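Read the structure below first, then the notes.
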Amino acid sequence: MVGESSSLRQVWDAIKRAAPTNATVLLQGESGAGKELVARSIHRNSLRSRERFIQVNCAAIPEELIESELFGHEKGSFTGATEKQIGKFEQADRGTIFLDEVGDMSAKTQAKVLRVLQEGEVERLGSARTIKVDVRVIAATNKDLELEIEKGTFREDLYFRLSVIPIRVPPLRDRRDDIPLLVRHFADLFSRDNNRRLPRFTPAALEYLQKARWKGNVRELKNTVERLIIMTPGDTLDVDDLRGIVRLDQKPAAASDGEKERPGTLREFKESAERAFLVDKLRENAWNISKTAEVIGTPRSNLYKKLEQYAISQEGDG
């Protein structure tokens, strides 16, 4: 994990506190922000570092196969089960299992994962025998699980089991100061991999990259640097080499207090003030809906209605 920004230092501090324990960790953040790197860092710095780190992408496995992948199956337990399979939880025994995109699990699978967390045991498909497992669980999602709970698509009891230690992995726009370090890191990596001479990024080019949108976060930046290394001739990369490849953030700069358009009616003023108040409180509480609702003294369901009414989102207002 490359960077020296304050938001990244907060993540490192959380890793240092969480790693030596057996507590379940929930990583929340946008796609491409680096949740897998955080999970691997926790494992590497844990007492289980010599054991296996098993990764499961819950969104990439078809629903009809995910239970078999996680918990295993006996031969003949279903059509196509021609031999016994050991599940991921058993493979991770004494080590760590990383459940990526945990918000995409079906209700049935959620119930079985909850049982593993509560009882420390799994049951293969087609078997009546339970198997004890000692597994540390790290889960990750780019979804707002509290909103999914309100929708009825995610179990609240599982959420509380997973989020013993919640860690928010910041998007790249919240750590723009890290972009020059990341660019140099990726440039060095891809220059060696592609047998190319390490190019020099001009200060103007680095500043241009810091202003870019990076909707895909660090993953998008990494892919862009690789493309630039391979496709750009010469030993120096300047702004002209970036145009057409890197999209600048088109979001207009915030107006100064004197330039802001004043509300025309009392209702507009109240709505503007209420929206600003909610965004401010959400930021103070790291966009934790339950905590924010408690702090401002309103039911969680009412806060969700306000978020929808004022089109407030972590992506847009974070």
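Since every read-out is calculated from the coordinates, none of them should be taken as a lab result. The structure presented is a predicted model; accordingly, all values stated were derived computationally and were not measured. Note that each Cβ is placed from the backbone with ideal geometry, even for glycine, and that neighbours are counted across all protein chains shown.
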- Query: Which pairs break 19 Å Cα to Cα here: K143/K215; K151/K281; K35/K222; K151/K306; K16/K88; K16/K291?
  - Reply: K151/K281; K16/K88; K16/K291
- Directionally averaged projected area (convex hull, Cα atoms, the chain), nm²: 21.1
- Note on the structure: With 0.36 nm assigned to each residue of separation and the Cα-Cα distance removed, A23 to A111 gains 29.7 nm
- Query: Ranked from highest to lowest mean number of other Cβ atoms within 10 Å per residue, what is the order of the peptides 28-41, 58-71?
  - Reply: 28-41, 58-71
- Message: Let me spell out the model: positive unit charges on the Cβ of Lys and Arg, negative unit charges on the Cβ of Asp and Glu, origin at the Cα centre of the stretch 90-174. What dipole size does that give, in debye rounded to 20?
- Response: 220
- Task: Give me the number: length gained by fully extending V164 to A60, i.e. 0.36 nm times residue separation minus the C-alpha to C-alpha distance, one decimal in nm.
- Result: 34.9 nm
- Message: Between R197 and S31, what is the label-point separation in nm under the 7 Å Cα-to-beta-carbon projection?
- Response: 3.9
- Message: Quick check: Cα centre of the stretch 1-58 to Cα centre of the stretch 124-195, how many Å?
- Response: 8
- Message: Please report, in whole Å³, the volume per residue of the convex hull around the C-alpha atoms of the stretch 28-134.
- Response: 109
